[in-house]
Amino acid sequence: MGEESHSVESVEDVGWIGEDLLLLRLGMIDLLGGGSFTRWVVFDCARPEVDYLMHDLRLPEGSVVTVVPSTDEDHVWLQCVRLVSEPGGLRQAESEDGAVLELHRVPLDRLRSVEKPLAQLFGPLTCLCAPTPSMLTAGERERLEVGELALVEDVQMREDGSLSLLTLFGSPEAEGAAAQVHRLYELCLDPAGTWSSERLFDPMTDEELLVM
């Protein structure tokens with residue numbers, strides 16, 4: 001996976017993103033040019049002999065891309081956030097319009113093809129929404145402070161065409177990129193294109209947090 005000019009630094013994640021489609025995400029180091037990047041290895045396990053493709057993703061410093069679990073059979077949902085180091089910890093950076101993340105819906109067929117670099121998949125045509133802290137937390141947080149996170153955890157597609165996004169407000173875990181959950185919310189998009197959000201499990205007990 002590293003080839004002669006690259007070195008595998010870490011395994012970031014591995015999981016199924018579609019029927020018979022397995023995604024391995026590796027943190028890589030460029031031994032010749034310096035710098036780091038992410039290598040996505042897509043295994044097509046539906047073939048008699050498993051085939052795979054590799055995509056290299058280079059993003060601006062601090063940008064993090066993760067796969068969001070969903071019920072979408074033909075697309076993979078990707079969450080893009082940018083984390084900035086500040087005194088006291090990491091801040092989830094905001095765009096000019098106040099958005100703290102981008103949620104992209106990418107056809108699985110694009111991950112099976114090497115015709116387009118993976119970095120070109122993220123753009124206006126794949127970005128479903130770029131929510132603000134207020135959208136993600138049902139209006140409870142207008143801005144995020146240092147050490148606070150607002151993320152999408154799950155996407156449910158309903159038969160009527162509406163979407164239900166499980167979102168969380170929390171803080172980074174001490175040992176990695178996982179988030180310690182403080183509150184959960186549901187962000188919905190109805191068939192008419194209207195967004196709404198509400199808090200879940202109010203107040204949330206320790207038992208409910210453990211189940212989630």
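Once the C-beta distance of residue 32 and residue 73 is scaled by a Förster radius of 45 Å, the resulting FRET efficiency is 0.65 to the nearest 0.05.
Scan (1) -0.83, -1.27; (2) -0.83, -1.68; (3) -0.82, -1.44 for the value of log10 I(q)/I(0) by the Debye sum over Cα atoms at q = 0.13, 0.18 Å⁻¹ calculated from this model and give just the label. Matching the structure shown: (3).
Modelled spin labels at residue 7 and residue 164, positioned 7 Å past Cα toward Cβ, are 4.7 nm from each other. Between residue 154 and 166, the built amide H atoms are under 5 Å apart, and every one of these is 5 or more places off in sequence or on another chain. Ranked by the mean number of other Cβ atoms within 10 Å of their residues, highest first, the peptides 124-131, 191-198 fall in the order 124-131, 191-198. Each peptide in 82-93, 160-171 receives the mean, over its residues, of other Cβ atoms within 10 Å, and ordering these scores from highest gives 160-171, 82-93. Ranked from largest to smallest solvent-accessible area, with a 1.4 Å probe on the protein heavy atoms, 55, 182 come out as 182, 55. With the whole protein complex present, residue 29 retains an accessible surface near 60 Å², based on a 1.4 Å probe.
To the nearest 0.05, what FRET efficiency results for residue 85 and residue 173 with a Förster distance of 25 Å applied to their C-beta separation?
The pair residue 85/residue 173 has a calculated efficiency of 0.90.
Largest GNM mean-square fluctuation across 54, 135, 157, computed for the chain with C-alpha springs under 10 Å, falls on 157. The residue among 70, 151, 5 whose Cα reaches farthest toward the positive pole of the charge dipole of the chain, with charges on the beta-carbon of Lys, Arg, Asp and Glu, is 5. Backbone phi angles across region 52-59, fed through the Karplus curve with coefficients 6.51, -1.76 and 1.60 (θ = phi - 60°), yield HN-Hα couplings of 8, 10, 10, 10, 9, 10, 10, 10 Hz in residue order; Gly and Pro are listed as x. Calculated FRET efficiency, residue 195 to residue 52, Cβ-Cβ distance, R0 = 30 Å: about 0.20 to the nearest 0.05.
Given only helices, namely DSSP H runs of n ≥ 4 each adding -39500 (n - 2.57), what is the per-residue ellipticity at 222 nm of the chain, to the nearest 500 deg cm²/dmol? Helices in the chain give a 222 nm mean residue ellipticity of -1000 deg cm²/dmol.
The values are calculated or read from the model by the stated rules, or taken from the named source; none is laboratory data. Since we're looking at a predicted model, the values are computed, not measured. Cβ atoms come from the backbone with ideal geometry, glycine included; neighbour counts cover every protein chain shown. For accessibility, only protein heavy atoms count, side chains too; no ligands or nucleic acids. Shrake-Rupley method; radii C 1.70, N 1.55, O 1.52, S 1.80 Å.
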